[in-house]
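The values are calculated or read from the model by the stated rules, or taken from the named source; none is laboratory data. Note that the coordinates shown come from a computational prediction; the quantities given were computed from them, not determined experimentally. Because the Cβ atoms are built from the backbone with ideal geometry, glycine has one as well, and the counts that use them run over all protein chains shown. These accessible areas exclude ligands, DNA and RNA; they are computed on the full protein's heavy atoms, side chains included. Shrake-Rupley method; radii C 1.70, N 1.55, O 1.52, S 1.80 Å.
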There are 2 protein chains.
Amino acid sequence: MPQLSTKGLKMPASPIRKLVPYAEAAKKRGIKVIHLNIGQPDIKTPKIALDAVRNIDMEVLEYSRTEGSDAYREKLAAYYSKHNIHVSANDIIVTTGGSEALSFTMGTILDEGDEIIIPEPFYANYNGFATANGVSVVPIVSSIESNFSLPPISEFEKCIGPKTKAILICNPGNPTGYLYNHDEIKQLVALVKKHDLFLVADEVYREFAYDNKKHHSILSENGIEANAIVIDSVSKRYSMCGARIGCIVTKNKDVIQTAMKFAQARLSPPTLAQIASEAALETPQKYFDDVIKEYVSRRNVLVEELEKIEGVKIARPSGAFYCVAELPIKDSDDFAQWLLEHFAIENETVMVAPAGGFYATPGIGTNQIRIAYVLEKKQLIKAVHILKEGLHQYLKK
Amino acid sequence: MPQLSTKGLKMPASPIRKLVPYAEAAKKRGIKVIHLNIGQPDIKTPKIALDAVRNIDMEVLEYSRTEGSDAYREKLAAYYSKHNIHVSANDIIVTTGGSEALSFTMGTILDEGDEIIIPEPFYANYNGFATANGVSVVPIVSSIESNFSLPPISEFEKCIGPKTKAILICNPGNPTGYLYNHDEIKQLVALVKKHDLFLVADEVYREFAYDNKKHHSILSENGIEANAIVIDSVSKRYSMCGARIGCIVTKNKDVIQTAMKFAQARLSPPTLAQIASEAALETPQKYFDDVIKEYVSRRNVLVEELEKIEGVKIARPSGAFYCVAELPIKDSDDFAQWLLEHFAIENETVMVAPAGGFYATPGIGTNQIRIAYVLEKKQLIKAVHILKEGLHQYLKK
């Protein structure tokens, strides 16, 4: 049999994926599994976006432009300008999800063997895109004690070497829910300018900033036009993960020109989803106000309930819809599997994401889990109750 | 300014892309440009596919499964079985276009520095996916004299070395329109078995086989379950290029498992387009009968008109909707640009794809062009007339 690539064999499996068979087995035994593990919001997609697709007037479903339709990119530029990000349509390449924006960005700025620094815990698929590009992730651990705030710049300095080409942050963070403050962003900006690195910011949760805190985009800073690349997506903003529409935003024309060559090879982003995404930009502010109110109240309930559990430490999230909790256990992979295999209350159990997969440093975070609060409050309260009782019983084993 | 990747700088630009500014300038001068250069069919998308999207009943546009929805993959398996390709839903990964299927396949089977053999001329974006994966394309020239039939197996044998991991064919071919016969497929099968290579077949034009010739899929052959990987797409089959839905089909479970890790990193293929693609599978046979009748009659007209031009040699296509013609010129890049810049009849000119970009060997095919016959006959006849008069005047320069 012909050999697979070494790269392919190295590709990391999703940290949640290995639990899926256990969840499926539980369902087959008649157990209802409450999913705290996935970032698929239950929030409704704006009707205006779905209606745009329902009302399509076309006879041929044609390719769009490689960089995305002009109309969509122009409206996107107007959207950004409302968020104090002053870019034009030509600074934007529409991609198939934030995922493709990350792939193209890595291909554009990193060669095989190059290094990208990422504060951990981080979105696990960054590992996948790095492996696919032959790139090494250099993690810098952030601490649950400080809610996963930016590690000291001195830690970054220690890691910067001749192969370092970029720093990647997720703001607000998945899985941390941490929202970087303006000072932290300014520190990063100074750092990348000093060392002539790219600063890539995954800002797909931009709107999800709570407690009257403001989101600070790296593109709102002066003087890093050449360094700053923003990754964006409609998935979470409009609860339309299945659209698969994202974008790269940068004022660096060379980055745009090179990323366009990767984009040309795949012809165009999906046309129908672009129609929905363009319409979604007309979503009234009230939609976001309601959604954010809902997430804040879910976050509050979740934090309150988790804090009642003895031995549990949590990082209070100020953004996105994730929360990392540290449990008084050794191995959250084992615990998550055990919940699915051996525990239920009134035929219901919970599925959590073990946090080990969000760290690149082996052995760190193995007592942590990520909870996505994409369920309504009653369900969340019930889920935390099951988690609490499960933990209690697991510790008695 | 931070440095871009060497890989990014090496990424090939689309061979047509450099003509785009000249086409745009012509349009600004009031010249109508007839596009013979693109593979965007004018054929209507089956109404059943667009209606499925118009009638969506959903409140949240969710991720689909990473491998594509079960319903779609099961119906796809049934579709393949009608084409003498016996696979199950588990042998299929739905991708974002044939493009992503090619990317995932290359990542799965090829490491940086590995070689993939491709008969040339070939679909230019194979170069892009190869460069993005750090893979070397080893071309084997096929000849316009034989309509671009399979080069002798001895030529392949000469190129196979320790770094060779795969052979890639496009059947029927873009840009050649050549449909491999059963004997050619059997020769390739024997070759990859002998040398333990992967055989990747891009079969996106499967339905477009003319003159009562049959399409022979590599997956219909016995004994190469471990070697054969088919790349497929709905783009051309249902004239829905903008859907961006393709798939990988293989009986090799290790390939599926590894390709799935690349797929997991990007979460899922587009949901709306999958709904359209699933519905498209219900397209009645009459649609294809009519489409093929239309393409055959366009092909006949195109070939007839081109043959009238002195000094023009053509490869008669038996499939797809492309035709490569050799012109009595030295540099088809220059000619194509000249047509846009300096020639028009009654304010109309044509845009053709210079064929040099479809060859990996430098200097070959530079007197050839690719014509996509995706226009109705009247337009085609007019376009060939403009081409003929243009050529006449160009040669007098």
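How high is the FRET efficiency from B:Val296 to A:Ser81, r the C-beta distance, R0 56 Å, rounded to 0.05?
Taking R0 as 56 Å, the efficiency between B:Val296 and A:Ser81 is 0.60.
Going by average Cβ density within 10 Å per residue, which order do the peptides A:243-253, B:39-49 take, highest to lowest?
A:243-253, B:39-49
Going Cα to Cα from A:Lys214, which lysines come in below 16 Å? Please leave out same-chain ones fewer than 8 positions away.
Those lysines meeting the cut-off are A:Lys82, A:Lys186, A:Lys293.
Would you kindly work out, in nm and rounded to one decimal, the distances from the label point of A:Glu59 to those of the same position in each other copy, ordered shortest first, with label points 7 Å along Cα-to-Cβ?
Spelled out, the distances from A:Glu59's label point are 3.8 nm.
Can you find, among A:Val230, A:Asn125, A:Ser142, the residue farthest towards the positive end of the dipole of segment A:47-280? Put +1 on the C-beta of Lys and Arg, -1 on that of Asp and Glu.
The residue sitting most towards the positive pole is A:Val230.
Rounded to the nearest 0.05, what FRET efficiency is calculated for A:Lys47 and B:Ser136 with R0 set to 41 Å and r the Cβ-Cβ distance?
My answer for the efficiency is 0.20.
Compute the separation of the alpha-carbon centres of segment B:179-229 and segment B:301-327 and state it in Å as a whole number.
About 26 Å separates the Cα centre of segment B:179-229 from the one of segment B:301-327.
Given points 7 Å out from each Cα along the Cα-Cβ axis, report the A:Val20 to B:Cys159 separation in nanometres with one decimal.
Here the answer is 3.6 nm between the modelled labels.
Can you give the charge dipole size of segment A:41-95 about its Cα centre, rounded to the nearest 20 debye, using +1 on the beta carbon of Lys and Arg and -1 on the beta carbon of Asp and Glu?
280 debye
Rank by packing, highest mean first: peptides A:86-92, A:204-210, with packing defined as the count of other Cβ atoms within 10 Å averaged across residues.
Averaged packing, sorted descending, gives the order A:204-210, A:86-92.
Could you list log10 I(q)/I(0) for segment B:47-280 at q = 0.07, 0.08, 0.13, 0.18 Å⁻¹, which the Debye formula gives when each Cα is one point scatterer?
-0.22, -0.28, -0.75, -1.42
When the accessible area of each residue in segment A:49-91 is compared between its chain alone and the complete protein assembly (1.4 Å probe; ligands, DNA and RNA ignored), which residues differ by at least 10 Å², being lower in the assembly?
Those residues are A:Leu50, A:Val53, A:Arg54, A:Ile56, A:Met58, A:Glu59, A:Val60, A:Leu61, A:Glu62, A:Tyr63, A:Arg65, A:Thr66.
For chain A, calculate the relative contact order in percent as a whole number, restricting contacts to Cα pairs under 8 Å that are 6 or more residues apart.
Normalised by residue count, the contact order of chain A is 25 percent.
Give me the percent of accessible area attributable to carbon and sulfur for segment B:84-148, probe 1.4 angstrom.
C and S atoms contribute 44 percent here.
If each of A:Gln257 and A:Glu225 carries a label point 7 Å out from its Cα toward its Cβ, how far apart are those two points in nm?
With each label placed 7 Å out from Cα toward Cβ, I get 1.5 nm.
Give, as a single signed number, the net charge of other residues whose beta carbon lies under 14 Å from the beta carbon of B:Ile144, with Lys and Arg counted +1 and Asp and Glu -1.
So the surrounding residues net to -1.
Once you charge only the Cβ atoms, +1 for Lys and Arg and -1 for Asp and Glu, what is the size of the charge dipole of segment B:47-280 about its Cα centre, to the nearest 20 debye?
In total the dipole reaches around 240 debye.
Tell me the total accessible area that B and A bury against each other, 1.4 angstrom probe, in square angstrom rounded to 100.
Protein heavy atoms only, the B-A interface buries about 6300 Å².
I need the P(r) histogram for chain A: all alpha carbon pairs, bin width 10 Å from 0 out to the longest distance, whole percents.
5, 22, 31, 26, 13, 2, 0
For labels at A:Met58 and B:Glu304 in the simple 7 Å Cα→Cβ model, what's the distance in nm?
3.4 nm
Rank-order B:108-119, B:338-349 by packing density, defined as the average count of other C-beta atoms within 10 Å over each peptide's residues, highest first.
B:108-119, B:338-349
With the other protein chains left in place, how much accessible area per residue, in square angstrom, belongs to chain B at a 1.4 angstrom probe?
Per-residue accessible area for chain B comes out at 37 Å².
For the protein assembly as shown, with only Lys/Arg (+1) and Asp/Glu (-1) charged at the beta-carbon, what is the dipole magnitude about the Cα centre, in debye rounded to 20?
Approximately 360 debye in magnitude.
Hey, got the average number of other protein chain Cβ atoms within 10 angstrom for residues in B:102-114?
Across the residues of B:102-114, the mean count of other-chain Cβ atoms within 10 Å is 5.
Excluding B:Ala315 itself, what net charge comes from residues whose Cβ is under 11 Å from its Cβ, given Lys and Arg +1 and Asp and Glu -1?
+1
Hey, if you put +1 on the Cβ of every Lys and Arg and -1 on every Asp and Glu Cβ in the protein assembly as shown, which of A:Ala265, B:Leu339, B:Val192 ends up farthest toward the positive end of that dipole?
Of A:Ala265, B:Leu339, B:Val192, it is B:Leu339.
Using only atoms on other chains, find how many Cβ atoms lie within 10 Å of each Cβ of peptide A:214-227 and report the average.
0
If I take R0 = 60 Å and measure r between the Cβ atoms of B:Gln285 and B:Gln3 in this structure, what FRET efficiency does the formula 1/(1 + (r/R0)^6) give, to the nearest 0.05?
0.65
Which distances in nm, rounded to one decimal and ordered from shortest, link the label point of B:His385 to the equivalent label points in the other identical copies, with labels set 7 Å from Cα toward Cβ?
Copy-to-copy label distances for B:His385: 8.1 nm.
Using only the C-alpha atoms of the protein assembly as shown, find the volume of their convex hull and express it per residue in Å³.
Cα-based convex hull of the protein assembly as shown, divided per residue, equals 160 Å³.
Using the Cα gyration tensor of segment A:8-56, with a ≥ b ≥ c the square roots of its eigenvalues, what is the shape: rounded (a/c below 1.5), prolate (a/b larger than b/c) or oblate (neither)?
oblate
Can you tell which of A:Tyr322, A:Tyr287, A:Tyr126 shows the greatest fluctuation in a Gaussian network model of chain A with Cα springs below 10 Å?
Evaluated over chain A, the most mobile residue of the options is A:Tyr287.
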